[in-house]
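Have a look at the structure below before the remarks.
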Amino acid sequence: MTIVTAFVVAIYAAFISWMWGWGTIFALWQEAGLGAICVALALLLSTYVLRTWRIYDYFPKETQAHFARLFRLVQIHNLLNIMLPFRSGETSFPLLMRQEFDVRLARGTAALLVMRLFDLHALLAAAGVGLALEKRSLTVWVLWAIFLALPVIAFVIRHRFFDVARRIAPKKAQGIIHEMQAGLPVDGRAFTRAWGATIINWFVKIAVLAWVLALMGKIDLPAGFGGALGGELSSVLPVHAPGGVGTYPAGITAGAIGFGASTDKAALSSLGQAAVNVHLLVILSSLIGTALALFVRVRKSSGDTQA
């Protein structure tokens, strides 16, 4: 898998060099300015801290007083998720949670599924805002509000759903159903915190990427917003190339065009260069976050001390 990833990244680098040249790509960073890039990186890194807090709050008993340790775990999981194809890096999360915090695989997997549903819902809700603003229709806004409330509705009726599942499932599956239910937020307050953290996290990330894309691609902010959404949606979906190579910039380009970016040859070339740079920015922020996590002092648990 590592060889495949390295090969795809090498092909991607060669394509960029042939299409535009790396000098042209990096010239956009100079035009944007060091200050703007540093601000963008700082804000992206803040989203990693917020993601860690979401998991920290999700597993309070297991992770109590081990935020730094959890931050390192989240960064490793995030890097694997970016670099491995077809979202295969996701499987590392429950494994790492079991290794570091003794969280059962079924519960860790269920929690990951819930958080990924939160993530996908937040992204689609953000896309819905753009659609509603474009259509300027009361009906679209009503449908968007209903969609926004779906997680709340699902959480309210969760007990009925699991009761039905327990009645129809075989005995061997009862333990899995119990672990899946245990993977949900424990109460309404925990649900609100997890959902709220998700909304804030994605709002910040999409806003930063839209700003950088508009800055480098010389497009309107709504088109930048659409491009940021397109790139992130491409990374959430199962069809995800190693490192997001090709798929992430393509998602950015498609999203920006969908939100009104010009499709003439010069504008499309400029947008393609900006999309590649935004992709590099995302990868760079992940690498910096992982590097920082490796230097964070991790407090040993009592079990580790005794061992």
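Structure notes:
- Residues in segment 122-142 that are open to solvent by less than 70 Å² (accessible area, probe 1.4 Å) and not hydrophobic (A, V, I, L, M, F, W, C): Gly128, Gly130, Ser137.
- Among the residues listed as Ala182, Ala256, Ala261, Ala194, the single one being surrounded by fewer than 15 Cβ atoms within 10 Å (Cβ to Cβ) and touching a residue at least 40 places away in the same chain (Cβ under 8 Å): Ala182
- Just one of the numbered conditions (1) closer than 20 Å to Ala106 by Cβ; (2) crowded, with 22+ Cβ neighbours inside 10 Å; (3) of a type in the set (Phe, Trp, Tyr) is not true of Phe155: (2).
- Any hit, segment 88-101, residues being part of a helix (DSSP H, G or I), over 12 Å from the mean Cα position of the chain (by Cα), closer than 21 Å to Arg189 by Cα and modelled with pLDDT under 90: no
- Of the candidates Ala169, Ala145, Ala165, the single residue that is among the small types (Gly, Ala, Ser) and open to solvent by 30 Å² or more (accessible area, probe 1.4 Å) is Ala145.
- Restricting attention to segment 158-197 and to residues that are under 30 Å from the mean Cα position of the chain (by Cα) and not in a helix (DSSP H, G or I), the residue that is farthest from Leu113 (Cα to Cα) turns out to be Asp187.
- The residues of segment 223-247 that are modelled with pLDDT of 85 or more and either open to solvent by less than 10 Å² (accessible area, probe 1.4 Å) or over 23 Å from Thr47 (Cα atoms) (or both), listed by number, are Ala223, Gly224, Gly226, Gly227, Ala228, Leu229, Gly231, Glu232.
- Test for Arg51: is it open to solvent by less than 50 Å² (accessible area, probe 1.4 Å), in a helix (DSSP H, G or I), among the basic types (Lys, Arg) and in contact (Cβ under 8 Å) with a residue 24 or more places away in the chain: yes
- Leu80 being open to solvent by 50 Å² or more (accessible area, probe 1.4 Å) and modelled with pLDDT of 90 or more: no
- All of Ile3, Ile25, Ile11 fail the test of being part of a helix (DSSP H, G or I), within 26 Å of Ala210 (Cβ to Cβ) and modelled with pLDDT under 90, apart from Ile25.
- When Leu213 is tested against the conditions (1) open to solvent by 50 Å² or more (accessible area, probe 1.4 Å); (2) among the aliphatic types (A, V, I, L, M); (3) modelled with pLDDT of 85 or more, the lone failure is (1).
- The one condition in (1) in contact with a Phe, Trp or Tyr (Cβ under 7 Å, 6 or more places away or on another chain); (2) of a type in the set (A, V, I, L, M, F, W, C); (3) modelled with pLDDT of 70 or more that Cys38 fails to fulfil: (1)
- Condition check for Ile200 on (1) assigned to a helix (DSSP H, G or I); (2) of a type in the set (Val, Ile, Thr); (3) free of Cβ contacts under 8 Å to residues at least 24 places away in the same chain; (4) open to solvent by 70 Å² or more (accessible area, probe 1.4 Å): one failure, at (3).
- Scanning segment 129-145 for residues that are part of a helix (DSSP H, G or I) and either in contact with a helix residue (DSSP H, G or I) (Cβ under 9 Å, 6 or more places away or on another chain) or modelled with pLDDT under 85 (or both) returns Val129, Gly130, Leu131, Ala132, Leu133, Glu134, Lys135, Val140, Trp141, Leu143, Trp144.
The values are calculated or read from the model by the stated rules, or taken from the named source; none is laboratory data. Quick caveat, the model's predicted, so the values are computed rather than measured. As a convention, Cβ positions derive from the backbone with ideal geometry for all residues, glycine included, and neighbour counts pool all protein chains shown. To get the accessible areas, we keep the full protein, side chains included, count just its heavy atoms, and leave off ligands, DNA and RNA. Shrake-Rupley method; radii C 1.70, N 1.55, O 1.52, S 1.80 Å.
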